[in-house]
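Read through the structure below, which is laid out as structure tokens, and then see the notes.
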Amino acid sequence: MKLSTLVLFIGIIFISSLFFYGCIATSDDIVSLKEEISELRKELVTIRKNQAELNQQMKQLDTNLQVYTEKLEENKYKMSFLAQRMDDIHSSLSQRMDILSKQLPKVDMPILPLPTELFNMAYNDYSRAMYDLAIRGFKDYLSKYSDSELANKAYYYLSDSYFAKKQYQECIKIIDEYLTKYQKDEFVVPMLYKKGMCFVQLGLKKQADEIFEIIKKNYPTSKEAKELTGE
């Protein structure tokens, strides 16, 4: 055999060996890759299942939160109603005790209206734009029941009555009394805004701007703050 033929034969055998082992390696890689893909698919199925369960739990939490919120509002209303009833009972009891203590069975002592009755009479006058009567009624209520459940509302509607009559100085005075007594009440922001509007009507722009800045800074999510910022 010629030397060149022998070299060619050896080269062919070498190349064939490389190709054979390369095919084996490639086949092993494909099997390994398929196994990895299979595992990834299993993990993906598990993740999707967990996601579905999590979504269901979130929906249940939303439902529970809604129920708890409704119960909280219901309890808040009941507590307010009970507090008003306690005011009425306390007032009625005090009046009866006064009558008994004076021991005047032959004299008819006048029975004063209960707190809620006095408030409702003043509010009815306010609703009918009879502001003079409303002012008198709310002031009478606050003079007798300044610590009652409805006192904050009495302050609010009293200031509103003065504002409607364009008696802005008196309105500011009532608002200041309210703000001194209440710091975390539902009417704090509306009362501040009303005070600012009083200053606007009085031509006191600087004082009005100071009040409006307090609202925007301390109560940015309030309806009044959004109105002031044009949102």
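Worth pointing out:
- Residue in segment 207-218 that is surrounded by fewer than 16 Cβ atoms within 10 Å (Cβ to Cβ) and either of a type in the set (Phe, Trp, Tyr) or touching a residue at least 24 places away in the same chain (Cβ under 8 Å) (or both) present: no
- When each of Cys171, Cys198 is tested for being closer than 21 Å to Tyr123 by Cα, hydrophobic (A, V, I, L, M, F, W, C) and buried (at least 17 other Cβ atoms within 10 Å of the Cβ), the lone residue that passes is Cys171.
- Residue satisfying all of: in segment 181-195; hydrophobic (A, V, I, L, M, F, W, C) and more than 18 Å from the chain's Cα centre (by Cα); surrounded by the most Cβ atoms within 10 Å (Cβ to Cβ) among these: Met191
Let's see how each residue does on (1) closer than 23 Å to Val188 by Cβ; (2) of a type in the set (A, V, I, L, M, F, W, C):
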residue: Ala122; (1), (2): yes, yes
residue: Met130; (1), (2): no, yes
residue: Ala134; (1), (2): yes, yes
residue: Phe138; (1), (2): yes, yes
residue: Tyr145; (1), (2): yes, no
residue: Glu149; (1), (2): yes, no
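- Residue check for Ile211: more than 21 Å from the chain's Cα centre (by Cα) and over 27 Å from Met130 (Cβ atoms): yes
- Filter result for Tyr178 (over 21 Å from the mean Cα position of the chain (by Cα), crowded, with 16+ Cβ neighbours inside 10 Å, farther than 29 Å from Glu117 by Cβ and at pLDDT 95 or above): no
- Subset of segment 127-141 (residues that are surrounded by fewer than 21 Cβ atoms within 10 Å (Cβ to Cβ) and assigned to a helix (DSSP H, G or I)): Ser127, Tyr131, Asp132, Leu133, Arg136, Lys139, Asp140
- Ala225 among the hydrophobic types (A, V, I, L, M, F, W, C), touching a helix residue (DSSP H, G or I) at 6+ places or on another chain (Cβ under 9 Å) and modelled with pLDDT of 95 or more: no
- Evaluation of Glu210 against the conditions (1) farther than 26 Å from Thr116 by Cα; (2) touching a Phe, Trp or Tyr at 6+ places or on another chain (Cβ under 9 Å); (3) in a loop (DSSP other than H, G, I, E, B); (4) not hydrophobic (A, V, I, L, M, F, W, C) shows that the sole unmet condition is (3).
The values are calculated or read from the model by the stated rules, or taken from the named source; none is laboratory data. For clarity, every value in this text was computed on a predicted model and none was experimentally measured. Please note: Cβ atoms are built from the backbone with ideal geometry, for glycine as well, and neighbour counts cover all protein chains shown.
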